[in-house]
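**Student:** Got a structure here, written out as structure tokens. Questions coming.
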Amino acid sequence: MLYHPSAPQHLMSAANALMIAGVLLLLAGISGAYLFDQHLALGSVVAAHALVILGPSALKIGYVMRLLAERNDKLAA
């Protein structure tokens, strides 16, 4: 189980990691899909475009997890 109500700090660290990963995926997708697309194979460009979608999704999920951790931390106090 990823989350336990008595440990919101674990959820917060997982949320921070997911948000950082989302930003990195987005940046990798943008660079592959729009900056270096002429130098990549078609499959790599398609994968880079997928990262442009998956990166912000991971960022949003991480943000919601962070809000949940903050809420549970306030309720536990």
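**Student:** Is there a residue in the stretch 64-73 that is touching a residue at least 60 places away in the same chain (Cβ under 8 Å), small (Gly, Ala, Ser) and part of a helix (DSSP H, G or I)?
**Tutor:** Yes - at least one qualifying residue is present in the stretch 64-73.
**Student:** Name the residues in the stretch 51-77 that are under 16 Å from the mean Cα position of the chain (by Cα) and exposed (fewer than 14 other Cβ atoms within 10 Å of the Cβ), would you?
**Tutor:** Listed by number, the residues that qualify are Ile53, Ser57, Lys60, Val64, Leu67.
**Student:** Considering only the stretch 36-50, how many residues are exposed (fewer than 11 other Cβ atoms within 10 Å of the Cβ) and either part of a helix (DSSP H, G or I) or touching a residue at least 60 places away in the same chain (Cβ under 8 Å) (or both)?
**Tutor:** Here is the first cut: in the stretch 36-50, the ones exposed (fewer than 11 other Cβ atoms within 10 Å of the Cβ) are 38-39, 41-43.
With the extra rule that they be either part of a helix (DSSP H, G or I) or touching a residue at least 60 places away in the same chain (Cβ under 8 Å) (or both), the set shrinks to 38-39, 42-43.
Going through the stretch 36-50 one residue at a time, the tally reaches 4.
**Student:** Among the residues of the stretch 24-49, count how many are under 22 Å from Gly62 (Cβ atoms) and in contact with a helix residue (DSSP H, G or I) (Cβ under 7 Å, 6 or more places away or on another chain). Break it down into steps so the answer makes sense when it comes.
**Tutor:** Quick first cut of the stretch 24-49, residues under 22 Å from Gly62 (Cβ atoms) only: 24-33, 47-49.
Restricting the remaining residues to those that are in contact with a helix residue (DSSP H, G or I) (Cβ under 7 Å, 6 or more places away or on another chain) gives 25-26, 28-30, 32-33, 48-49.
Qualifying residue count, the stretch 24-49: 9.
Throughout, read-outs are computed from the coordinates displayed, never taken from laboratory work. Please read these numbers as outputs of a predicted model, since none were measured by experiment. Here the Cβ is made from the backbone with ideal geometry for all residues, glycine too, and neighbour counts use every protein chain on show.
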